[in-house]
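Q: Before we start, here is the structure in question, set down as C-alpha cells.
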Amino acid sequence: MFARALVRPAAFSWVGIAVNSAARRVQTPVAAAIGVNLGLLGGLLGEIILRAVPKQRTSHSKKRKRMATKGLKNRQDISPCRGCGRPKLTAHVCLHCYSDIRKKLRGMRREAERE
C-alpha cells in the first residue's frame, strides 16, 4: 500500500505536536489522489489511517479462541403446541398445525368451486 515514510513529517513530536513548516506541505497519498490539500490535518489523518493496519494476520487458533465464547445459547421461547403438542416458538403458529389447516382450506375451496 502506501509507505509510511511518505506521510510521516521529519520533525514530528508526539509531545505537544510540534511540526515544522515542511510538514504542512506533506500530503497523504489519498488526499493527493483526489486533489485535496488538507495541510497539517491531512498529514495527521494519514498517519492515523496507516497505523490502523494489523502487522500480522490473525492465526486460525487465536481467532477461534476469541470466538469460543460466542457459542449457541439455549432458546427460552420454545413451548409445546396446544393442538398437537409439538414444540413451537412462543407467539408463533405451529407449522405442523398450519400445514394441516392449509390442506383443509384447499379441499374446502375445491369443493366450493365444483358446486
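Q: Contour minus end-to-end for LYS63 and GLU111, with contour as 0.36 nm per residue of separation and end-to-end as the Cα-Cα distance?
A: On the way: separation 48, 0.36 × 48 = 17.28 nm, distance 6.04 nm.
Net length gain for the segment: 11.2 nm.
Q: A follow-up question, please. Please list, in chain and number order, the residues 5+ apart from LYS88 or on another chain whose amide H is under 5 Å from its amide H, with Hs placed from the backbone.
A: SER79, CYS81
Q: Using the Karplus equation 6.51 cos²θ - 1.76 cosθ + 1.60 (θ = phi - 60°), what ³J(HN,Hα) coupling, rounded to whole Hz, does each residue of the stretch 66-80 give in order, writing x for Gly and Pro?
A: Running phi through 6.51 cos²θ - 1.76 cosθ + 1.60 with θ = phi - 60° gives 5, 8, 5, 7, 9, x, 6, 10, 5, 6, 9, 10, 9, 9, x Hz.
Q: As an exercise, use a Förster radius of 30 Å and the Cβ-Cβ distance of ARG102 and GLN76 to find the FRET efficiency, rounded to the nearest 0.05. Present the calculation step by step, with values, prior to reporting the outcome.
A: Numbers: r = 29 Å, r/R0 = 0.97.
E between ARG102 and GLN76, to the nearest 0.05, is 0.55.
Q: Around ARG106, what is the net charge, scoring Lys/Arg as +1 and Asp/Glu as -1 over all other residues with Cβ under 14 Å from its Cβ?
A: Working: positive: ARG102, LYS103, LYS104, ARG109, ARG110, ARG114; negative: ASP100, GLU111, GLU113.
Taking every other residue near ARG106 into account, the sum is +3.
Q: Still on this structure, please answer the following. Give me the aspartates and glutamates in straight-line cross-link reach of LYS88: C-alpha distance below 13 Å, same-chain residues under 8 apart excluded.
A: Within the straight-line limit of under 13 Å, LYS88 reaches these aspartates and glutamates: ASP77.
A short reminder: the numbers here are calculations on the coordinates, not readings from a lab. As the structure is a prediction and not an experimental result, all values here were calculated from the model. Cβ sites come from the backbone with ideal geometry, for glycine too, and all protein chains shown count toward neighbours.
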